[in-house]
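Each value in this text was obtained by applying a stated rule to the coordinates, not by laboratory testing. Just so we're clear, the structure is a prediction, and the values are computed from it rather than from any experiment. Note: ideal-geometry Cβ built from the backbone for every residue, glycine included; neighbour counts use all protein chains shown.
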Amino acid sequence: MRGDAVATTDMTLGGDTWGVVNATTQAQGNYLAVSAYDSDLTVDATQSNTGGLVSATSQLGDDDARLLGGAYINASAISNTVAMYGEGSSVAGAIDQSSSATVRAYNRIETQYIPAEAVIDSQAIVNAVQVTSGQTSGQNLAIVQTSTGDFVEAESSANSGNAWDLAGRARATANQAVLYNEGGSVVVDSRQDNTAFVRAAATTTAYDYGQAEAHARGAANELSVGNNDIYVEIDNSQFNSGGVDVTATFSGTNGYDVYVGADAVGNSVTGYACSDCEGYLEARNSQTNGGDVSATANTAVAGSTRAVITGANSVGNSATFYVSRPSH
C-alpha cells in the first residue's frame with residue numbers, strides 16, 4: 001500500500017438516546033485472512049505499507065447528550081494484518097510485514113448523563129499477526145515484523161457529567177504477534193524491529209460517577225505463543241529504539257470506585273505449554289531495548305470517593321516462559 005487509509009465517525013446526539021449506542025471505526029492498510037478445516041494451510045505472505053497515514057477517528061457529543069442505554073465506541077487503526085485460523089490443520093509458512101506509515105486511533109465522547117455501561121476504546125497497531133488453531137492442529141511459522149514510521153498512537157477520552165460505569169481504554173503497539181494452538185506442536189521463529197515512537201493515552205472524567213476506569217497500554221514489540229498441548233519451541237529476537245510513553249488519567253468530584261492503570265513495555269515475549277500434561281517448552285530469546293519507556297497514572301478526586309485502585313508499570317524487556325501444572 002502506498003496511499004493513506006483514513007476512517008472517521010462523527011456523532012452529534014443531543015438530548016435523550018434510549019437505546020445502546022454502538023459505533024466501530026476501522027482503518028486498515030493491508031489485510032489478509034485465511035482459514036483451513038481438516039487440511040494443511042501454508043502461507044507465504046508479504047505486506048508492505050509505504051503510505052503516510054493509517055488513521056481511525058471517532059467523536060461523539062454534545063454536552064447535553066444523555067445516553068440512557070449506554071455506549072460502546074471503538075476506534076481501531078492497523079497498518080498490516082495477517083489473521084490465520086485452522087481446525088484439524090497444519091498451519092505453516094512465512095509472514096513478512098513492514099510499515100513506514102504513521103498509525104493513529106483517536107476516540108472521544110462528551111456527554112451529560114450515562115446511567116449504564118459505557119466503554120470508549122482505541123487501538124493502534126503497526127504490524128499485527130493473529131494465528132489460532134485447534135482440534136488437533138499444529139503451527140510452524142516464521143514471522144518478520146518491521147516498524148519504521150514516525151509514531152503509532154492510541155488515545156481515548158471518555159467524559160460525562162454523571163456516569164454510572166464509564167471506561168476509557170487505549171492500546172498502542174508497533175509489532176504484535178499472538179499465536180495459540182490446541183492438539184499439536186507449535187514452532188515459531190519471530191523477528192521484531194521497531195524504531196517508531198509508541199504512545200497510548202486514556203482519559204476519563206466525570207463529575208459524579210459509580211465506577212470509572214482509565215487504562216492505557218503501550219508496547220514496541222510483543223510476542224505471545226501458547227499451546228494447549230505438549231510441545232512449544234520459540235526462537236525470538238526483538239529490537240526497539242523507539243520510545244514508549246503511556247498515560248492514564250482520571251478526574252472526578254464525587255463517586256464510588258476508580259480504577260486507573262498504565263502499562264508500558266519495550267519488548268515483551270510470553271510462551272507457555274499445556275498446564276495439565278507433561279509439557280515441554282524450549283526458548284531462545286534475544287531482546288534489546290534502546291528507547292525510553294514511561295508509564296504514568298494520574299488520579300484526581302475533588303470531593304469524595306469510596307475506593308481508588310491505581311498503578312503504573314514500566315519495563316524495558318520482559319520475557320515469561322512457563323509450563324505449569326495445577327498440582328504443583
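I need the phi-derived Karplus couplings for region 168-176: 6.51 cos²θ - 1.76 cosθ + 1.60, θ = phi - 60°, integer Hz, Gly and Pro marked x.
Result, ordered by residue: x, 9, 9, 9, 10, 9, 7, 10, 9 Hz.
Which of these, Ala23, Ala200, Ala302, has the largest mean-square fluctuation under a Gaussian network model of the chain (Cα springs below 10 Å)?
Ranking Ala23, Ala200, Ala302 by mean-square fluctuation puts Ala302 first.
For Ala248, what is the net charge nearby, where nearby means another residue's Cβ is under 15 Å from its Cβ and Lys, Arg count +1, Asp, Glu -1?
Net of charged neighbours comes to -2.
Kindly give Rg over Rh for region 170-292, based on alpha-carbon atoms, with the Kirkwood expression for the hydrodynamic radius.
Over the Cα atoms of region 170-292, Rg/Rh equals 1.13.
Quick one: net charge of Gln238's neighbours, Cβ under 9 Å, K/R +1, D/E -1?
Here the count lands on -1.
For each of Trp164, Trp18, count neighbouring Cβ atoms within 10 Å of the residue's Cβ, then give the residues from fewest to most.
Details: Trp164 20, Trp18 8.
Result, fewest neighbours first: Trp18, Trp164.
Considering the options Thr136, Leu68, Ala124, tell which one lies farthest towards the positive end of the dipole of the chain, charges being +1 on Lys and Arg and -1 on Asp and Glu at the Cβ, about the Cα centre.
Sorting the options by dipole projection puts first Ala124.
Can you tell me, using C-alpha contacts under 8 Å and at least 6 residues apart, the relative contact order of region 5-322 as a whole percent?
13 percent
When Lys and Arg each count +1 and Asp and Glu each count -1, what net charge do the other residues less than 13 Å away from Thr132, Cβ to Cβ, add up to?
-2
Could you derive backbone 3J(HN,Hα) for region 34-40 from the dihedral phi with the Karplus parameters 6.51, -1.76 and 1.60 (θ = phi - 60°), listing whole Hz in sequence and x where the residue is Gly or Pro?
Coupling constants for region 34-40: 9, 8, 9, 10, 6, 7, 7 Hz.
Connecting C-alpha atoms closer than 10 Å in a GNM of the chain, tell me which of Thr270, Thr173, Thr203 has the biggest fluctuation.
Thr270
Under 14 Å from a point 7 Å along the Cα-to-Cβ line of Gln135: which residues of region 33-73 have their amide N that close?
Only 35-40 fall inside the zone, counting backbone N under 14 Å.
So if I average 1/r over every pair of distinct C-alpha atoms in the chain and take the inverse, what Kirkwood radius in Å does that give?
Evaluated on the chain, it is 20.6 Å.
Compute the relative contact order of region 1-115 as a whole-number percentage, counting only Cα pairs closer than 8 Å that sit 6 or more residues apart in sequence.
Over region 1-115, the number comes to 39 percent.
Order by neighbour count: Leu141, Leu68, fewest other Cβ atoms within 10 Å first, most last.
Leu68, Leu141
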